[in-house]
Amino acid sequence: MPLLQLHNMTVPLPQKRAFIKRAHSVVPIVDRVSLQLYRGEVYGLVGESGCGKSTTARAMIGLNRITEGQILFQGEDIASLSRNKRREQMKDMQMIFQDPYSSLNPRKNVWNSIAEPLRNFERLSKEEELRKVQALVERVGLNPESLYQYPHQFSGGQRQRIGIARALALQPKLLIADEPVSALDVSVQAQVLNFMKDIQQEYGLTMLFISHDLGIVRHMCDRIGIMYQGRLVEEGTVEDIFERPCHLYTKRLLAAVPEMDPDKRLKKLQERQRIQHEYEQQVDEFFDAAGRVKELRKITATHSAAVK
Amino acid sequence: MIAFIIKRTFLMIPQLLLLSVLIFFLAKQMPGDAVTGAFMGKPNVSAEQMEKIRQQHGLNDPWIVQYGRWIGDAIRGDFGQSFVHKQPVTQLLAGRIENTIWLSLATLIVTYLLAIPLGLIAGRWTGGFADQLIVTYNYVSFATPVFVFALLMLYVFGFVLDWFPSGGSVDIRMEEGSMEYMGDKLKHLVLPVLSGSLLLTYSTVQYLRNEIIETKVKDFVKTARAKGVPENVVYNRHILRHSMLPIAAFLGYEITGLIAGSVFIETIFSYPGLGRLFIDSIMARDFTVVTALVLISGAAVIVGTMLSDIILRIVDPRIRLG
Amino acid sequence: MEDNLLTIHKLRTSFLIDGEFHRAVDGVSLTIHRNEVVAIVGESGCGKSALALSIMGLHPKERTRIEGSVEFQGQNLLQLSTAKLNQIRGKQLAMIFQDPMTALHPLLTVGRQIKEVMDVHLPLSTKEKKQRVLQLLEQVGIQTSAQVYQHYPHELSGGMRQRVLIAMALACDPVLLIADEPTTALDVTIQAQIMELMKELQQQSQAGILLITHDLGVVAEMADRVAVMYAGEIVELATVHELFHHPLHPYTRSLLHSLPSGQQQKLHVIDGMVPAIERLKRSGCRFAPRIPWISNELHEDDPVLREIAPGHYVRCTCHQHFYLPADRIGDETDAPFTAT
C-alpha cells in the first residue's frame, strides 16, 4: 500500500467574494490529480511556475482546501479523520520550504526553531528536548554553538539545514520539499542536495521533491511526475521520462534545458525548433477541445502519459 | 471603474445606517429631551403639560418609530430646532459648512504645495543640509500644539503687524459677490490656513521622504537611469510618481481629518465654521446641533474613505484591474 | 584593435561598508569585441553584478569608489559626468536587468516606458516614436503590439516583460548590450525562447553582449568567450569551447562538478563558503581556503592571470596540481567535465 495516495484531488482557484454568485468555468489550480507515493521513494514533481505543483503539496498538508477527491495517508482518508487523529497523522508529514530566509522566524534562535514542532506534539522535559535538538543540529552538520544563534547569522545553505532539522524533529515518514535549493548558489545547492539524499537513505524517508529544475530532479528522484496547467501530463521512472518522453509538453520541457556542451548548440536549437513545430502540429492529440490536458493513460507498468 | 464606484457607493449605505443608529442612541442617552430643552427654566409649564407635548410629538413612541422619523427628516435635510439659537439646525449649518469647506480645501492645498517639494528634496538628498533642515522643521511642527502656534500667528501677524484680519470669515461691510468680497474672504483665510498647514505638513513630508528613500533604490529606477533619462526626470517622473501612491491613498482621510480637526483653528480665529459651532453647542448643551454635527462628520469620514479607495484605484493600475 | 567595443582596464569597485571601503571588484581587465558575446559567470557575491553596474555608472556615488578605466568608443566612461553618460546610456550602451517583475515602472504603460528611451535620444516625432515602439515590440516576438503598448507591466507574464525590457534596450540600436541575469527569473521553456531571441537579434545587429549570469547552462548556450569570477577577480578566461572541454582553474572545475549531470551519485561540494567582501583575502590565491587539500606551496604568492594556451587565461599556478578528491565525487574520477 502506498504511503500517500491522491485520488482525483482538485484545488479550486481562491474565489473573490462577490455580492452575486456568478456561474463560472474557472480552471482549478490543481485539477483531478492522482498519484501514489510508495514508502522509501523520492517522487519528483516538476513543472513551470503556476502549474500547481506547490499547491498540490500545500493541499497535502492541509494548507489548501480541496473540493474534490481524497488524500489517503497511511491508508486513511485525511478529510474523514477527527481533529486529534488528523493531528497525529500530520506529525508524520513535514515540509521544507523554498526560501530558508523567510520560513524561519528571525526572532527565534535555532534551538527554539527546531524545538517548536517538538513542543507542539510531544511533552519533553527541558533536558530531553535539548538532547534531541542537539542531536538534530549535529546530524545536519551545524556547530553545537549554533543552537543559540539567530537565522540572520547563517548562510543560505545553513539556514536550509536548520529548516531540514526542524522538519526531521518529529521523525516524519513523509518529507515534502518545495523547491528546497532554488534560492541557493550552485555550490551550496550541491551541498544541500547531497545532504538531503543522505538523510533520505538513512531514515528511509519517503520524499516528495518539488522542483522546476530537471537536472536536479533527475539527480534526486526515483519517479517523476510532470505537471502542466494543474494536471499531470506524464509520470514515470527517471528513465521513462528522460529517455522515452511521450507527451509533447515533457519533450518541450526537456528540450528547453540548456545544453552543457557548447559544441552542440546548433543541434539543440534544431531540436527545439523541431519540437516546437511538432507542438504546433499535434496540439489536438494532446489537449482536448478546451485546451485542457487529457486523462493519463498507462503506457507501460511504470509509465503513463496524457495522450489520446 | 464606474461599476466600482457604484458598488463602493452602495457599500456606504450600511455604514451610514449603522452610524446613524449609533448616534441616535447616544443622543437618546443624553439627559433630558427636546421638550425639557424647549421649556427648560419655564416654571409655568407643568410636568403633565410636558408629558402631553411629548405624546403629541411622538416622543413616547417605540424607538424604531422615533428613529425612522428622525432619519427620515435628516435625509430631507431637517435636523430639528436648535434650543439655543431658536432656529432650524439646517439653517444654522448652511453658511458654516461652506466656510469650513473653504478652510479645509485651502489648508489641504497649501499643505501639499509645501509638503511635496519638501519631501522630494529631503528624500532625494538624504542626509544633506536641506534634508537636515527639513527634518528639523518636521520635528518642531510635529511637537508644536496647534493652539499655541495659532495664537502666536494671531498675535504676530494679526495683532502686532496687523497684516491680516484676526477673526471672522469676511468683513461685514463687503458686498456679497463682488471681487472685493472674494478678496476679503481669502484675506481672512490666510492666517487660519497657514497655522493649520504649517503644522500639518509633517505627516506628508515624512511619508514622502521615506517613500522616496525606499523607491530610489528600486530596480525600475535603475532601468530609467540605464535608459539615459536625466536625473531630474528620474526623480520627478519615475520616483515621485511611485512615492505619491500612499499620499494619494491618504487624501480622503486627510480631508475628513481636516473637517473634524478644524475645531482649534476655527475657535482661535473666531472663524464661523462647523468646528467652532461644535464647541459652542457642546458648551450650551444644544443637543440637536451636536447630534447633527456628529452625524455630518461621521458621514464625512465614510465618504472620505470611499474617496481614498476611488483615488487609489485611479492612480494605481494594479488595483484598478486586479 | 579596431573592433574593440569595450575595454575594461584594472577596474576596481569598492563599497563603503561600516565606514570602510571594501573591494567588490578587484582589478578586472576584459575586452569585448564587436559581434561577440562575453559571459561573466560566478556565484552571488563574486562581483559580477557590481562590475556591470560600474560600467553603466549605476552605483550610488556617495558609497562607491571606482578605479581603473572603462574605455568605450574612445571615452573613459568612469570620467564622464552624469549628463555626458546619459547621452550614451540607452543609446550606444544599453542594459537588461535580472528581474522583469521589478525592472519596469508599475505605474506607466509599457509603450510609454519604451518610448521614453527615444524621448531622450532620438529626434523623432511622437508618431514616429510610437511607430518604432510597435515595430520593436514585434521584433521581440510580441504579435499583439498595439495592445501591449497600452498595457501596464503587471498585465504581462514574466516572459513578455523580459521581451519588453529587451525591446527597450534595443530602442536606439545599441552597439553594446549588458544583460544582467536576463533569464534567471524565467521558466525554462521561456528561458530557451529568450536566449534564442537574444542570439537572433545579436546576429542581426552585430552588437556585442556582456552577459552576466550564474547559470553555466546559459553560458554554454550563449557565450563566445567566458570569464569566471571568484571573490572579485577573474580566475579564468577562455573561449566557451575551451572552458567547458578543458576547464583549468580549480574553481571552474569544482563548479562544473557540483552540477547534477545525471551520472554522479554524489555532487561535488566546494568546501567552506564564499567570503563576505569585508573578509576578502587581499593577497595570495583567493580560492586556496576552499581547496585545503592542495598544499600552500602550490599556490602563487601574488597570482596573476596567465595565458596558458592562446586565448585561455588562468589565475594562479595551483591549477597544475589540482585534483578533485575522489570521495567527493563518488565513482567518478577527475576526468575533465564531459557534457551529457
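The values are calculated or read from the model by the stated rules, or taken from the named source; none is laboratory data. What you see is a predicted model; the values in this text were computed from it and never measured. Here Cβ is always computed from backbone atoms with ideal geometry, including for glycine, and neighbour counts include all displayed protein chains. For accessibility, only protein heavy atoms count, side chains too; no ligands or nucleic acids. Shrake-Rupley method; radii C 1.70, N 1.55, O 1.52, S 1.80 Å.
Quick look at the numbers
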{"item": "The range C:199-263 - convex hull of the alpha-carbon atoms, volume per residue in Å³", "result": "100"}
{"item": "For the pair C and B, total buried accessible area rounded to nearest 100 Å², probe 1.4 Å", "result": "2200"}
{"item": "Estimated FRET transfer efficiency when R0 is 25 angstrom, pair A:Y38-C:T184 (beta carbons, to 0.05)", "result": "0.10"}
{"item": "Overall form of the range A:204-286 per C-alpha gyration tensor (a/c, 1.5; a/b vs b/c)", "result": "oblate"}
{"item": "Stretch in chain B that is longest and holds no chymotrypsin sites (Phe, Trp or Tyr not before Pro) that DSSP places in a loop and that have at most 14 other beta carbons within 10 Å", "result": "B:164-322"}
{"item": "Viscosity 1.306 mPa s, temperature 10 °C, Stokes-Einstein D of chain B from Kirkwood C-alpha radius, µm²/s", "result": "69"}
{"item": "Cα pair distances of chain A binned at 10 Å [whole percent]", "result": "6, 24, 31, 23, 12, 3, 0"}
{"item": "Computed E for C:E138/A:E243 - FRET, C-beta separation, R0 30 angstrom, nearest 0.05", "result": "0.15"}
{"item": "Calculated log₁₀ intensity ratio I(q)/I(0) where the Debye formula runs over C-alpha points of the range A:238-308, q = 0.22 Å⁻¹", "result": "-1.00"}
{"item": "Whole-angstrom Cα spans of chain C along principal axes, big to small", "result": "67, 44, 41"}
{"item": "Residue-wise HN-Hα coupling along the range C:63-72, computed from phi with Karplus coefficients 6.51, -1.76, 1.60 (Hz; x: Gly, Pro)", "result": "10, 10, 10, 10, 10, x, 9, 10, 8, 9"}
{"item": "Degrees separating the helix B:63-75 axis from the principal Cα axis of chain B, which is the longest one", "result": "60"}
{"item": "Cα gyration tensor, the range C:1-84 - rounded (a/c under 1.5), prolate or oblate", "result": "oblate"}
{"item": "Simple label model, 7 Å out from Cα along Cβ direction - B:E231 to B:L59, nm", "result": "7.3"}
{"item": "Residue-normalised accessible area of chain A, expressed per residue, 1.4 Å probe, Å²", "result": "48"}
{"item": "Whole-number D in µm² s⁻¹ for the range B:172-310, Kirkwood Cα-pair radius fed into Stokes-Einstein, 10 °C, 1.306 mPa s", "result": "86"}
{"item": "Cα convex hull of the range B:172-226, projected area averaged across orientations, nm²", "result": "6.7"}
{"item": "Selection of GluC sites (Glu not before Pro), the range A:210-307, meeting DSSP coil and at most 16 other Cβ within 10 Å", "result": "A:E295"}
{"item": "HN-Hα J in Hz across the range B:239-256 - Karplus 6.51, -1.76, 1.60, θ = phi - 60°, x for Gly and Pro", "result": "6, 4, 4, 6, 6, 6, 3, x, 6, 4, 5, 8, 3, x, 5, 4, 4, 5"}
{"item": "Angstrom value of the Kirkwood radius, inverse mean 1/r, which spans all Cα pairs in the range A:34-187", "result": "16.8"}
{"item": "Buried solvent-accessible surface, both chains (C, A), 1.4 Å probe, Å² to nearest 100", "result": "3200"}
{"item": "Within-14-Å neighbourhood charge of C:A231 [Cβ basis; K, R +1; D, E -1]", "result": "+3"}
{"item": "Chain B - mean residue ellipticity at 222 nm from DSSP helices (-39,500 (n - 2.57) per run, n ≥ 4, rounded to 500)", "result": "-23500 deg cm²/dmol"}
{"item": "Theoretical FRET efficiency, 1/(1+(r/R0)^6), r = Cβ-Cβ of A:L130 and C:S283, R0 41 Å, to 0.05", "result": "0.40"}
{"item": "Cα coordinate range in the protein assembly as shown, projected on the principal axes (Å, largest first)", "result": "115, 74, 64"}
{"item": "Global form of the range A:153-226, assessed from the alpha-carbon gyration tensor, a/c cut-off 1.5", "result": "oblate"}
{"item": "Top positive-direction residue, dipole computed over the protein assembly as shown with Cβ charges, set B:V205, A:V186, A:P144", "result": "B:V205"}
{"item": "Rg/Rg_globular for the range B:17-158, with Rg_globular taken as 2.2 N^0.38 Å and Rg from C-alpha atoms", "result": "1.72"}
{"item": "Inter-probe distance in nm under a simple model that places probes 7 Å from Cα toward Cβ, at B:L186 and B:S46", "result": "6.5"}
{"item": "B:M174 versus A:N143: modelled label distance in nm, points set 7 Å from Cα along the beta carbon direction", "result": "7.6"}
{"item": "Cα-only Debye scattering, the range C:110-198: base-10 log of I(q)/I(0) at q = 0.10, 0.14, 0.15 Å⁻¹", "result": "-0.24, -0.47, -0.54"}
{"item": "Apportionment of accessible area to carbon and sulfur, the range A:87-183, percent (1.4 Å)", "result": "44"}
{"item": "Hull shadow area, averaged, the range B:254-322 [alpha-carbon convex hull, nm²]", "result": "5.4"}
{"item": "Nearest 10 degrees, 0 to 90: helix A:110-121 Cα axis against chain A principal axis", "result": "80"}
{"item": "Kirkwood-based Rg to Rh ratio, the range C:1-158, C-alpha trace", "result": "1.01"}
{"item": "The range B:195-262: equivalent-ellipsoid semi-axes (sqrt of 5 x gyration tensor eigenvalues, Cα, Å)", "result": "30, 11, 9"}
